[in-house]
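Only one structure is covered here, and it is reproduced in the block below.
The values are calculated or read from the model by the stated rules, or taken from the named source; none is laboratory data. Since we're looking at a predicted model, the values are computed, not measured. We place every Cβ from the backbone using ideal geometry, glycine too, and count neighbours over all the protein chains shown.
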Amino acid sequence: MTLTSSGQIKISEINTEFGRTSTTTNSSLEDLSDGTVATINTANASADRPDGAAPHAMSEFYSYNHNAGVSWGSWSAGQWNVDGNQGSADEYLARSITFSGADNTNIDIYFSVNSGITRGNLYVGMSTSSTPSNASATNQVYVGSGNFGASFPINGSGTLYLKFKYDKNNGIDETSNRSIYVRQTGTDSAGLTMVVSTLIP
């Protein structure tokens, strides 16, 4: 439950927000504000959480939600189709996804296989300011199936820009369908579908 955005806030209400009983004693505003009682949830926007520095004010708890977490928007575009011959040029894809309530911890990117057997290698470059270059995708991290292959911290609200690179396997046909996900603290985005249909030349 989110605390009120204006007006009066009581210490008992802050205690309740932290999951403590409203009658908990010995709760000073300082201890509530600086993380002594409970770690402040940084998934809240900076304006919606105490800054931890004196002087402390009740108003710093306006709109604070101790259980806040990331929420994901929709992918900027739909399905990624990879076809052609195995061993031909790498394929790149730019996509973005909006987020809010991020808590300044790493996001992870991974995929699940819906059908077929994946043969090539998937890499990704990430930024919160603009679409990464192809070189960034090449030099960034491998994305695995069921394994968290990419880490990058995001905080608050914004847009995550990604450049994927698919390195086709040389010498093996591939027909596969996978879903690519972004995750922070256990919350996944919708899946981005990637369909690969490549043949030995």
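Within segment 81-88, does at least one residue satisfy the condition of being farther than 17 Å from ILE14 by Cα and of a type in the set (Val, Ile, Thr)?
Step one: filter segment 81-88 for residues farther than 17 Å from ILE14 by Cα, giving 81-88.
Within this subset, residues satisfying the condition of being of a type in the set (Val, Ile, Thr) are 82.
Taking every residue of segment 81-88 in turn, at least one turns out to be farther than 17 Å from ILE14 by Cα and of a type in the set (Val, Ile, Thr).
Find all pairs meeting these conditions: Cβ atoms under 6 angstrom apart; at least six residues apart or on different chains; first residue within segment 115-133 and closer than 12 Å to PHE152 by Cβ; second residue charged (D, E, K, R).
Listed by first residue and then by second, the contacts come to GLY125/LYS163; PRO132/LYS163.
How about segment 163-190: which of its residues are at pLDDT below 90, part of a loop (DSSP other than H, G, I, E, B) and not hydroxyl-bearing (Ser, Thr, Tyr)?
Selection gives LYS168, ASN169, ASN170, GLY171, ILE172, ASP173, GLY186.
Taking SER88 as the residue in question, decide whether it is modelled with pLDDT under 95, in the same structural domain as ASP188 (by TED's automatic domain parsing) and over 24 Å from the mean Cα position of the chain (by Cα).
Details: modelled with pLDDT under 95: yes; in the same structural domain as ASP188 (by TED's automatic domain parsing): yes; over 24 Å from the mean Cα position of the chain (by Cα): yes.
Considered against the rule, which asks whether it is modelled with pLDDT under 95, in the same structural domain as ASP188 (by TED's automatic domain parsing) and over 24 Å from the mean Cα position of the chain (by Cα), SER88 comes out as yes.
Kindly indicate the residue of segment 48-72 that is in contact with an Asp or Glu (Cβ under 6 Å, 6 or more places away or on another chain) and surrounded by fewer than 17 Cβ atoms within 10 Å (Cβ to Cβ) and also farthest from ASN106 (Cα to Cα) among those meeting that condition. Even if it seems obvious, please write down each step before you answer.
Pass one, segment 48-72, residues in contact with an Asp or Glu (Cβ under 6 Å, 6 or more places away or on another chain): 50, 52, 56, 63-64, 66.
After this cut, where a residue has to be surrounded by fewer than 17 Cβ atoms within 10 Å (Cβ to Cβ) as well, the list is 52, 63.
On the way: GLY52: 22, SER63: 24 Å.
Among them, the one singled out is SER63.
Being loosely packed, with under 15 Cβ neighbours inside 10 Å and in a strand (DSSP E or B) is the filter here, so list the residues in segment 74-100 that pass it.
If the condition is that a residue be loosely packed, with under 15 Cβ neighbours inside 10 Å and in a strand (DSSP E or B), then SER74, ASN81, ASP83, GLY84, ASN85 are the ones that fit.
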